[in-house]
Amino acid sequence: MWTAIDRTSGTPLFRQIYEAFRQRILHGELQGGDQLPSTRDLASSLQVSRTVIVEAYEQLLAEGYIEGRRGSGTFVAEGTLLPLIEPSVPAARSVPHDSQPLIRDGLVNPDLVDFRHGIPALDLFPKKLWGDLAKRICTEASPEAFGYGRPEGRHELRGVLARYLRRSRGVVCEPEQLLVTTGATQAISLVAKLLLNGKSDVLVEDPITSDIHTMFSLPGAKLHPIPVDDSGMITDLLPSDISPKFVYVTPSHQFPIGGLLPIQRRVQLIQYAARTGSYIVEDDYDSEFRYEGAPVSSLQGLDPERVVYIGTFSKILSPALRMGYIVLPASLIERARGLKWLTDLHTPSLEQLILAEFIEEGYLDRHIAKMKKLYRKRRDFLIRQLRHSFGDAVRILGHSTGIHLIAEFAGISFTPELLSVIEENGVRVYPVAVHAFRRDVQRHRIIIGYGNLSESRIEEGIRRLSASLKKE
Ligand SMILES: Cc1ncc(COP(=O)(O)O)c(C=O)c1O
């Protein structure tokens, strides 16, 4: 049954084996209920170590492609067959609309332990390396690089980015489909302007970031919240009586709850979008940092004509770069370029060239590997501190990926009054409820970001949080 594995390609062996199984399962060569060979047998027939096979199986298990049955082996899960879909492209109208600038709070009292989510370790930005590359690019770039550029971005960056995305996230795209944006925020805002008008319906996860909620509401679109659970959007609840312009999802790491959307729900979502003629907008904002296995493959790779894929360098490098991108289905590229031009002409060229070099020379991969190790340590430390202070009174969710987790305290409502008391004790935490449509369901939960906090600050912050909650 097996195709040969390639030991000379740069792709890790476990990834090749994972990918080969994934493709066979998606396309029905392996079907629900089929048994997989034992890790020992497969390792021996492929002449690889058993660890490689175990790693591939664990990844397939985490994404829902296979399931283990105690004592009897590993089997293909049900609901994993990707439907054959006509490549009909949804109709869309461009509705330019001025949006409000998004203002984010950058001022923080230095003694406050701020568990703000979405902030990477700012002191570990590779300053020297970036500075050296910036100097080189600035002195060596051709005069043309200092003029007006093209709205889609520098071809150097789009070329390396397309290769990086294919290799690391399974995104299927040509450089021509890529549009470099000023952060994912601009990408999301462009998609909203491109696809929505006052009559549009949009399906979003509940909860979803409050900024995104605002961006989709600005053109007057009607938002339909679909609840999430620990595995992301509950696709059984997709409404059959509307045809949304798009469904917005964060399938690799639901924001903020943290679920990983299993393959069965991905298939359901793609079937739904095909049936209703909708796009899917996939926001992949921080899934490079996955601690239990490798990053999961993108939804885009399953249906490139229907999925608009959005990514950012804010979490893997720095939010200050304001560097993001969209991968667009062919049908949307031209109008997206036009809209980007009318928004800000293009994203700064020199920064794009520096970033292209940073990726091409392998620095990005090294930086991600180093940061992943650090964040895993900080995450483990944070979990230990939460357990030490609260024992079983806290439930921890969404900690397998990213740089934040969710702490749920049954019986405690994080009201504005309680959050002020907590802040008076020198620690700031973020309620999930502000991002939710159904706020009541989320009132016991807070978001705790840990990317930019040392272990000693985490310890102090949880100690202060514990002292505040004990007073309640
Ligand atoms: C879910 C999600 N998407 C997108 C973004 C935007 O990131 P940026 O504009 O910095 O690239 C954020 C920011 O935290 C986010 O949480």
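Side notes on the structure shown:
- Spin-label proximity, Val54 to region 281-319 - amide N less than 17 Å from point 7 Å beyond Cα toward beta carbon: 292-294
- Extension reserve of the Ser456-Ala141 stretch, reckoned as 0.36 nm per residue once the Cα distance is removed: 109.0 nm
- The loop-placed trypsin sites (Lys or Arg not before Pro) in region 169-273, going by DSSP, that have at most 12 neighbouring Cβ atoms within 10 Å of their Cβ come out as Lys199.
- The calculated FRET efficiency for Gln35 paired with Ile234, based on their beta-carbon distance and R0 = 30 Å, is about 0.50.
- Gained length - Ser9 relative to Asp440, 0.36 nm times residue gap less alpha-carbon distance: 150.1 nm
- Estimated FRET transfer efficiency (Lys199, Ala410; beta-carbon r; R0 35 Å; 0.05): 0.25
- Net charge over other residues, Cβ less than 15 angstrom from the Cβ of Pro207 (K, R count +1; D, E count -1): -4
- For the chain: accessible area per residue (Å², 1.4 Å): 44 Å²
- The calculated pair-distance distribution of region 13-76 uses every alpha carbon pair, bins of 10 angstrom beginning at 0, and gives 23, 60, 17 percent.
- Loop-resident sites, region 280-315, for GluC sites (Glu not before Pro), counting at most 13 other Cβ within 10 Å (DSSP): Glu292
- Sites Leu129 and Asp241, calculated FRET efficiency, Cβ-Cβ separation with R0 56 Å, nearest 0.05: 0.55
- Accessible area of the chain belonging to carbon and sulfur atoms, whole % at 1.4 Å probe: 53 percent
- Neighbour cut-off at most 15 other Cβ (10 Å), DSSP loop, GluC sites (Glu not before Pro), region 352-419: Glu361
- Among the listed pairs Lys315/Lys372; Lys340/Lys372; Lys128/Lys370; Lys315/Lys370; Lys315/Lys340; Lys135/Lys373, a Cα-Cα separation exceeding 21 Å is found for Lys340/Lys372; Lys315/Lys340; Lys135/Lys373.
- Put simply, the C-alpha atoms of the chain give a gyration tensor, and the ellipsoid matching it has half-axes of 31, 30, 26 Å, longest first.
The values are calculated or read from the model by the stated rules, or taken from the named source; none is laboratory data. Please read all numbers here as calculations on a predicted model, not as lab measurements. No Cβ is skipped: glycine too gets one built from the backbone with ideal geometry, and neighbour counts run over all protein chains shown. To get the accessible areas, we keep the full protein, side chains included, count just its heavy atoms, and leave off ligands, DNA and RNA. Shrake-Rupley method; radii C 1.70, N 1.55, O 1.52, S 1.80 Å.
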